[in-house]
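Novice: Once you've had a glance at the structure underneath, I'll fire off some questions.
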Amino acid sequence: MTMKSRPFGSSKHKVSVIGQGTWYIDRGDRKDAIAALRRGVDLGMTHIDTAEMYGDAELVIAEAIAGRRDDIFLVSKVLPSNASRRGTITACERSLARLNTDRLDCYLLHWRGSYPLDETVAGFEELTRAGKIRSWGVSNFDTDDLNELLAVAGKGKIACNQVLYHLQERAIEHAVIPWCAQHGASPRQVALSFLTRQASVFAIPKAASQEHAADNAAAADLTLSENEIAELDQAFPRGPKPRGLPML
């Protein structure tokens, strides 16, 4: 199995299409969480996403990637309440210490807050000049916010916008699970293959066990046909555009 990779936004850094999310990863058994992350990295899921909001997830990651930092594309996020110019820098330095690393590959504003975007961008740019982050972006931004951010930052600066994107939860029992039974792939693999079918999209699912991590990684080998994508699109229609961007 060879993990697919593609250029990550404006940074052009090649990043694994399937990565590893870490929200609540600190809530279960720590050894299992570390083993799951390491197993994921072994299988090519070297894109690891976290945030200062995720409790002790950064500490778990630090232990999991010890000795392998150069293999990892590491992402963390600053809380909106900390996203002033100076607060962004302080929060990043705190995350770096917890992750036991000297740089982040990408640093995100977790969602839109009350601080003006030019303050946050100024913090990001100072961190970039200092070599503490290699790129920056945002999370949970709708198009109006992105347009405003673009006007502040200019072209070529925003590396990504990380948003909630999935096929639904219990609804997969109605269509996806029976459909998957005909193709020898797990529902999780089909969902990840569908979500990453577009060249601009990366998926960062969380795994709490080594088996779960391996199942996620195997999605990189699954290519859906146009008919299969159409079936999924029919089973899980995009629906009308919501008034606000959905987020967890």
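The values are calculated or read from the model by the stated rules, or taken from the named source; none is laboratory data. This is a predicted model, so every value here is computed, not measured. Heads up, the Cβs are rebuilt from the backbone with ideal geometry, glycines too, and the neighbour counts pull from every protein chain shown. Just so you know, the surface numbers come from the protein's heavy atoms only, side chains and all, with ligands and any DNA or RNA stripped out. Shrake-Rupley method; radii C 1.70, N 1.55, O 1.52, S 1.80 Å.
Novice: How far is it, in nm, from the label point at N147 to the one at Q234 when both lie 7 Å from their Cα along the line to the Cβ?
Specialist: 3.6 nm
Novice: Under a point spin-label approximation (7 Å from Cα along Cα-to-Cβ), what is the Y24-T128 distance to one decimal in nm?
Specialist: 3.5 nm
Novice: Same structure, new question: Taking 7 Å along the Cα-to-C-beta vector as the label spot, tell me the T90-K155 distance in nanometres, rounded to one decimal.
Specialist: Going from the T90 label point to the K155 one covers 3.7 nm.
Novice: Now, a different point. List the residues whose amide H sits under 5 Å from the amide H of S135, counting only those 5 or more places along or on another chain, with H placed 1.01 Å from N in the peptide plane.
Specialist: C106, Y107
Novice: Over region 1-108, with every protein chain in place, what whole percent of the accessible area is carbon and sulfur at 1.4 Å, could you tell me?
Specialist: Working: 2030 of 4470 Å².
That share works out to 45 percent.
Novice: Right, next: Report the full-extension gain for the segment A66 to K14: residue separation times 0.36 nm, less the Cα-Cα distance, to one decimal in nm. Show your work: numbers first, answer last.
Specialist: Numbers: separation 52, 0.36 × 52 = 18.72 nm, distance 2.13 nm.
This chain segment gains 16.6 nm when fully extended.
Novice: Still on this structure, please answer the following. With respect to the cross-link table entries K4/K31; K77/K155; K12/K77, which display a Cα-Cα separation exceeding 26 Å? Don't skip to the end; give the middle numbers.
Specialist: Numbers: K4/K31 28 Å; K77/K155 21 Å; K12/K77 20 Å.
From the list (K4/K31; K77/K155; K12/K77), the Cα-Cα distance tops 26 Å for K4/K31.
Novice: Calculate, in nm to one decimal, what D118 and D102 gain on full extension: separation in residues at 0.36 nm each, minus their alpha carbon distance.
Specialist: Details: separation 16, 0.36 × 16 = 5.76 nm, distance 2.48 nm.
Value of the extension gain: 3.3 nm.
Novice: Further, regarding this structure: Roll a 1.4 Å probe over the protein heavy atoms and report the accessible area of S114 in Å², nearest 10.
Specialist: 110 Å²
Novice: Using packing as a proxy for protection, rank 16-25, 58-67 so that the peptide with the highest average count of other Cβ atoms within 10 Å comes first.
Specialist: Numbers: 16-25: 23.1, 58-67: 18.6.
Taking the mean over residues of other Cβ atoms within 10 Å, the ranking is 16-25, 58-67.
Novice: Report, in cubic angstrom per residue, the convex hull volume of the C-alpha atoms of region 1-93. Could you put the intermediate results ahead of the total?
Specialist: Details: hull volume 10.0 nm³, N = 93.
Convex hull volume per residue, Cα atoms: 107 Å³.
Novice: Also: Considering amide H positions built from the backbone, and no H for Pro or chain starts, which residues 5 or more places from S5, or on another chain, come under 5 Å of its amide H?
Specialist: Amide H neighbours of S5, under 5 Å, 5+ apart: V17.
Novice: Oh, and also: Taking the mean number of other Cβ atoms within 10 Å as a proxy for protection, how do you rank 88-100, 143-155 from highest to lowest?
Specialist: On the way: 88-100: 18.8, 143-155: 13.3.
Packing order, densest peptide first, comes out as 88-100, 143-155.
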